[in-house]
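Have a look at the structure below before the remarks.
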Amino acid sequence: MRSIFKACDVRGVYGRELTEEKVRRIGAAVATLLRRRGRPACILVGGDVRTSTPSLKAALVAGLTECGAECLDLGTVPTPVFYFARQHLGGPAGVMVTASHNPASHNGLKLVLGELPVTPEDLGEIRGMAEAGDFEKAPGSAAVVSVADAYARHLLEATAPWHAPSKEAPRIVVDPGGGCWSRWAASLLRDAGYPALSIHDTPDGRFPFRDPNPSVPEHLLALREAVVAEGAGLGVAFDGDGDRVAFVDERGRALPADETAILLIRHLVPGEPGARVAHDIKCSQAVADEVRRCGGVPLMERSGHTFLKTRMIRENALFGPEASGHYFFRALSGGDDGLYCALILAGLVARAGAPLSELARDLPRYATTSDIRVRHTGDPTALLERIAASFPGESVCRLDGVRVQFPEGWGLIRPSVTEAALTLRFEGRTSEALRRVVQEFVAVAPELGPWIEPFANPSSRPRPGSTRTP
């Protein structure tokens, strides 16, 4: 089971790595662990739209109930609705069956054991129990519960201060991509007063319309075209389970996550001097610079839901952007919700009385590569240590992999939390500075040169987000 247990969740290719039997054993381990910790074994269960989710969720419930859990089945829901249900129903533990933004052939489990996100240590304990069959059998139960109406009321009330007067509300095109927000998002945006229409709005776990990861502009071609064709002021795209969100301006340009983050920082932070903003280690330096400019305090954190949400809660942070398109808010108890974020940004556009492209026109933009994924099936420790030892200690951050700060930019190499690969990213304040950063990095890790040097040259840059094999 080791390969399916990642730093923040459980994930793998369905049928090959992730099977019903493994999920049943994980469910039994979760229920047993909660009872041993003295927590009531009331456990929420939700699932996304993937074709493998119904059988995996049935196996999960079987494992939970055979070890004494009282399961509350939410049905098919977006992950933000799953997290809302925990708060609404009094904070029970929960398991969401989803592979988030990963391809249709994948599936996984997002686990919540308490008020703070699950830790790598928690996951290690669950894995050990599941592998050993270390379970405590007891009678359990399962019931169906719906929180759809409660969530809708909550969302509209929580975002009400941001809603635009109807005459100023921009027209919005929504692209759920066949994922969990299908048949939800456009309706709720209309309830908030925004003229909204949808594409790819039929739930389909095969994701035939587009890739479920909206952070790659090439995946949003249909949305970008629809925004322009419809004369809309904003395009909104979600990932498979609805916690990630990406935006398109009225000209059909997909906004990078860093730009969205800076727009939100400019409107959130000035109202609270000294506000803390947690951001993941892959965000542009422009994000931290903007937080300081607005009077806030930037907090760099490891990439991953567990780490950023935990930092949000512990620091009582106001806001927390992640380069992958997650946006965390104190108003959501430190959590993230793609639709909540969409309503906030739509309100900003409306109240500004200017197109989104104009709001983004003066944003600071550094030369930043997309994620560069290099397949690496062995232990990367020696490579990371060599890179870290090659630069002055004060310029090296070991928060997550190795991040090296240069006078005009930075370079990052870290093990991926979702696949057997190394993830790299580089940034320079200018294109020429980016080339110098990449060259200095390659000088100490020449074996990576053929895969990362093209990203410093826009004319030969590979497709964003692609995974390359040495």
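Quick notes on this structure:
- The set of residues in region 217-251 that are open to solvent by less than 10 Å² (accessible area, probe 1.4 Å) and out of contact with any strand residue (DSSP E or B) (no Cβ under 7 Å at 6 or more places or on another chain) comprises 239, 240, 241, 242.
- The single condition among (1) loosely packed, with under 14 Cβ neighbours inside 10 Å; (2) at pLDDT 95 or above that residue 409 does not satisfy is (1).
- Some residue of region 368-382 being over 26 Å from the mean Cα position of the chain (by Cα), over 27 Å from residue 8 (Cα atoms) and surrounded by fewer than 17 Cβ atoms within 10 Å (Cβ to Cβ): no
- If you filter region 78-105 down to residues that are over 22 Å from residue 39 (Cβ atoms) and either open to solvent by 10 Å² or more (accessible area, probe 1.4 Å) or without any contact (Cβ under 8 Å) to a residue 24 or more places away in the chain (or both), you find that the one that is farthest from the chain's Cα centre (by Cα) is 105.
- So residue 211, is it surrounded by fewer than 19 Cβ atoms within 10 Å (Cβ to Cβ) and either assigned to a strand (DSSP E or B) or of a type outside the set (Gly, Ala, Ser) (or both): no
- Verdict on residue 142 being within 30 Å of residue 348 (Cβ to Cβ), modelled with pLDDT of 95 or more and surrounded by fewer than 19 Cβ atoms within 10 Å (Cβ to Cβ): no
- Top-ranked residue of region 258-280 - restricted to ones that are of a type outside the set (Val, Ile, Thr) and open to solvent by less than 20 Å² (accessible area, probe 1.4 Å), ranked as nearest to residue 299 (Cα to Cα): 278
- Cross-chain or 6+ apart pairs with Cβ under 7 Å, region 128-152 first and without any contact (Cβ under 8 Å) to a residue 40 or more places away in the chain, then open to solvent by less than 40 Å² (accessible area, probe 1.4 Å): 152/188
- Qualifying residue in region 383-396 (condition: within 24 Å of residue 364 (Cβ to Cβ) and modelled with pLDDT of 95 or more): yes
- Members of region 368-396 that are free of Cβ contacts under 8 Å to residues at least 60 places away in the same chain and among the basic types (Lys, Arg): 386
- Some residue of region 310-331 being touching a residue at least 12 places away in the same chain (Cβ under 8 Å), part of a strand (DSSP E or B) and in contact with a Pro (Cβ under 9 Å, 6 or more places away or on another chain): yes
- Evaluated against (1) crowded, with 20+ Cβ neighbours inside 10 Å; (2) within 19 Å of the chain's Cα centre (by Cα), residue 119 falls short on exactly one condition, (1).
- When restricted to residues that are of a type outside the set (Gly, Ala, Ser), outside any helix (DSSP H, G or I), touching a residue at least 12 places away in the same chain (Cβ under 8 Å) and open to solvent by 30 Å² or more (accessible area, probe 1.4 Å), region 342-367 contains 4.
- Screening region 42-55 for residues that are touching a Cys at 6+ places or on another chain (Cβ under 8 Å) and assigned to a loop (DSSP other than H, G, I, E, B) and picking the one that is most open to solvent (accessible area, probe 1.4 Å) gives 49.
- Test result for residue 68, farther than 20 Å from residue 245 by Cβ and surrounded by fewer than 24 Cβ atoms within 10 Å (Cβ to Cβ): yes
- Every residue from region 161-189 that is surrounded by fewer than 17 Cβ atoms within 10 Å (Cβ to Cβ), at pLDDT below 95 and part of a helix (DSSP H, G or I): 161, 166, 167, 168
- Test: residue in region 397-404 that is closer than 18 Å to residue 433 by Cα, crowded, with 18+ Cβ neighbours inside 10 Å and at pLDDT 95 or above: yes
- Hey, residue 390 among the polar types (S, T, N, Q), under 23 Å from the mean Cα position of the chain (by Cα) and open to solvent by less than 60 Å² (accessible area, probe 1.4 Å) or not: no
The values are calculated or read from the model by the stated rules, or taken from the named source; none is laboratory data. Since the model is a prediction, treat every value here as computed from it, not as a measurement. Note: ideal-geometry Cβ built from the backbone for every residue, glycine included; neighbour counts use all protein chains shown. Just so you know, the surface numbers come from the protein's heavy atoms only, side chains and all, with ligands and any DNA or RNA stripped out. Shrake-Rupley method; radii C 1.70, N 1.55, O 1.52, S 1.80 Å.
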